[in-house]
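Each remark here refers to the structure printed beneath this line.
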Amino acid sequence: MDPHGGHYLNKDAVLSPLGAVRISQLLLGCTIMALVSHSAGYSATYGHFCMFVWCFCFAVTLVVFTLDITRLHTCMPISWDNFTVAFAMLATLMYITASVVYPVYFLDSECSGDSCEVQIYRIAVTVCSSICCFPYGAEVFLTRAKPGAVVGYMATVSGLLKVVQAFVACIIFGALAVDTDYNKYIATQYCVVVFSLCFSVTVIVIVLTVSGRTSSLRFPFDRFVVVYTFLAVILYLSTALVWPIFSFDKKYGTTSRPYYCPRGDCPWDSKLVVAVFTCVNVVLYFIDLVYSQRI
């Protein structure tokens, strides 16, 4: 018992629905890493990305689970509720991505001999990774803002959308790393500046919220977020129009995928990924703006 009459250990961290989903996350994460290390294997950039996702999410979940049980999170200079819901949203997105990337690059339609055993392990990894998306999604559902409840900004729809927007921007940057042709035109360079600017401000908003520093700012944080979201919608709309023109128009690029383009390292594919996810972020920022106005 602590001096105030309470238990040192937080039993609700284990016996509550939230504790149950976190235990599920740890069990599935441990199973995935064991399968990959034993026989499934990983290689190249995509394999290392998937392994990073599984190890990172497992490590942070273990830290969150431990700090919640021991109540040591009260000693940390952060907004705990904002941090946990933001991480759960990020982990959900990362697991979904890894669950798509791993089978695309490591599962073959045919196998023979010893390769069939490896395929079985890789199928098991894919299944476990796909299942693990649900416990993280369940944590977001359990900790999200509910009507009438006082919660942190990251637990609201707007806060969760900020995490998704930043994650989509990371996908865009990953595609830009393969496509180096954007340096040819000022218009495409402008698009990259927009992606970088919006990503930076979104991350700053998340960091300020998670660190609990928004109340110490000398300007109204809520109003700033709404104004920034409006500007982000305008900027992303402009890139959604400019990028396809300077990437797929006959005058500046090619309208169809070149036949000689290697899989996984094709600039045309990267341009298409950027165009698609730019439109995704336009929709996300617009929904964010509408929700912010409504509340």
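All of (1) under 25 Å from the mean Cα position of the chain (by Cα); (2) within 27 Å of Y105 (Cβ to Cβ) hold for F248 with one exception: (1).
The residue that is surrounded by the most Cβ atoms within 10 Å (Cβ to Cβ), among those in region 240-253 that are outside any helix (DSSP H, G or I) and modelled with pLDDT of 70 or more, is D249. Taking T126, is it more than 19 Å from I23 (Cβ to Cβ), assigned by TED's automatic domain parsing to the domain that holds C30, hydroxyl-bearing (S, T, Y) and over 23 Å from the mean Cα position of the chain (by Cα)? Criteria not met by T126.
Taking the criterion of being touching a residue at least 60 places away in the same chain (Cβ under 8 Å) and assigned to a helix (DSSP H, G or I), would at least one residue in region 1-16 satisfy it? Checking region 1-16: not a single residue is touching a residue at least 60 places away in the same chain (Cβ under 8 Å) and assigned to a helix (DSSP H, G or I). Take V233 and tell me if it is at pLDDT below 95, buried (at least 17 other Cβ atoms within 10 Å of the Cβ) and assigned to a helix (DSSP H, G or I). No: the conditions fail for V233. Of the residues that make up region 275-295, is at least one charged (D, E, K, R) and at pLDDT 90 or above? The answer is yes; a qualifying residue exists.
Considering each residue of region 195-215 in turn, at least one proves to be surrounded by fewer than 20 Cβ atoms within 10 Å (Cβ to Cβ), under 26 Å from S79 (Cβ atoms) and over 24 Å from the mean Cα position of the chain (by Cα).
Taken over region 17-44, the criterion of being loosely packed, with under 14 Cβ neighbours inside 10 Å, modelled with pLDDT under 85 and assigned to a helix (DSSP H, G or I) is satisfied by H38, A44. I120: in contact (Cβ under 8 Å) with a residue 40 or more places away in the chain, surrounded by fewer than 19 Cβ atoms within 10 Å (Cβ to Cβ) and over 14 Å from the mean Cα position of the chain (by Cα), yes or no? Against the criterion (in contact (Cβ under 8 Å) with a residue 40 or more places away in the chain, surrounded by fewer than 19 Cβ atoms within 10 Å (Cβ to Cβ) and over 14 Å from the mean Cα position of the chain (by Cα)), I120 does not qualify.
The values are calculated or read from the model by the stated rules, or taken from the named source; none is laboratory data. From a predicted model like this one, the values you see are computed outputs, not experimental measurements. Please note: Cβ atoms are built from the backbone with ideal geometry, for glycine as well, and neighbour counts cover all protein chains shown.
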